[in-house]
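Peer 1: Dumping the structure here so I can ask a few things about it.
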Amino acid sequence: MDAAQWDERYRASAGGVWATQPPAVVREITATLPPGTAIDVATGDGRTALWLGERGWDCTGVDFSSAGLALAAARPGGDAVTWTPGDVLEWQPDAQVDLVVSCYLHLPDSAAAVARIAEWVAPGGTLLVLGHDVDNIAAGGHGPSDPAILYTPDLLRGALDDRFRIERCERVVRASADAELRDGHHAAAIDTLLHAVRLR
């Protein structure tokens, strides 16, 4: 989907498309980190950026959908986040940050996109990527059905070089209580998680 299609989807939604909280594994990992500077890549309607902002992070939420950013900015706590229009394949931050988070960004070359956003992480900082795993199709979980844009642990691991120490790179299962959509979904979903720290 392009920016115009996402704008249409957000405008048609009743207050937002996605769940109001970030995925549980994202909350679990980021809750252990001291607040600093952060970028939420493809923030959508802002759930992860807002959660970080509430916890003291100086967070920038980036997305190419102006309608999604408008929803995010209007939410409680929206004034604590910097909302920036931008395409992940073109936008560049002014400086590296302590945390880069990407949830459910699926592109024709996802490995290249992950390698690009990894450059935004400062030495000592954290990269956190979560997305639909290719096994999610057979499992019947919510998400894209094109295997060419879905993740595997090998794909995400291969996007990083030896400047990063991988803490976790594995498949994780989200139950319906940790749904991606605002109105939930019944089947469990299989995601791939990458949690890495930049060493230099």
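Peer 1: Given a Förster distance of 30 angstrom, what is the FRET efficiency for Leu33 paired with Ser176, based on the Cβ-Cβ distance and rounded to 0.05?
Peer 2: Working: r = 27 Å, r/R0 = 0.92.
Once rounded, the FRET efficiency stands at 0.65.
Peer 1: Let me ask another. Quick one: what does P(r) look like for region 33-82 with 5 Å bins over all Cα pairs, in whole %?
Peer 2: Here the calculated profile for region 33-82 is 5, 28, 36, 20, 8, 2, 0.
Peer 1: Here is a follow-up. Find the eigenvalues of the gyration tensor of the Cα atoms of region 105-153, then list the square roots of 5 times those eigenvalues as equivalent ellipsoid semi-axes, largest first, in whole angstrom.
Peer 2: Details: eigenvalues 121, 26, 9 Å².
For region 105-153, the semi-axes come out at 25, 11, 7 Å.
Peer 1: Could you size up the charge dipole of the chain around its Cα centre, putting +1 on the beta carbon of Lys and Arg and -1 on that of Asp and Glu, and report it in debye to the nearest 20?
Peer 2: So the dipole magnitude of the chain works out to roughly 420 debye.
Peer 1: To continue, here is another question. Taking a probe of 1.4 Å, how large is the accessible area per residue of region 19-120, in Å²?
Peer 2: Working: 4120 Å² over 102 residues.
Normalised by residue count, the accessible surface of region 19-120 is 40 Å².
Peer 1: Return the Rg/Rh value of region 24-178, two decimal places, where both radii are evaluated on C-alpha atoms and Rh is the Kirkwood radius.
Peer 2: Working: Rg = 15.0 Å, Rh = 15.9 Å.
Taking Rg over the Kirkwood Rh, I get 0.94.
Peer 1: Hey, any idea what the orientation-averaged projected area of the convex hull of region 18-116's Cα atoms comes to, in nm²? Present the calculation step by step, with values, prior to reporting the outcome.
Peer 2: Numbers: hull surface 24.1 nm².
Averaged projected hull area, Cα only: 6.0 nm².
Peer 1: Continuing with this model, one more query. If you roll a 1.4 Å probe over the chain with all protein chains in place, what percent of the accessible area is carbon or sulfur? Write out the running numbers ahead of the final one.
Peer 2: Working: 4710 of 8880 Å².
Roughly 53 percent, rounded to a whole number.
Peer 1: Right, next: Could you work out [θ]222 nm for the chain from helices alone, using -39500 (n - 2.57) per DSSP H run of at least four and dividing by all its residues? Round to the nearest 500 deg cm²/dmol. The partial results should precede the final answer.
Peer 2: Working: 7 runs with 53 residues, N = 200.
After summing the helix terms and dividing by the residues of the chain, the value is -7000 deg cm²/dmol.
The values are calculated or read from the model by the stated rules, or taken from the named source; none is laboratory data. Bear in mind the structure is a predicted one, so any value in this text is a computation, not a measurement. When we count neighbours, we look across all protein chains shown, and the Cβ atoms used for this are built from the backbone with ideal geometry, even at glycine. Surface accessibility is based on the protein's heavy atoms, side chains included, excluding ligands, DNA and RNA. Shrake-Rupley method; radii C 1.70, N 1.55, O 1.52, S 1.80 Å.
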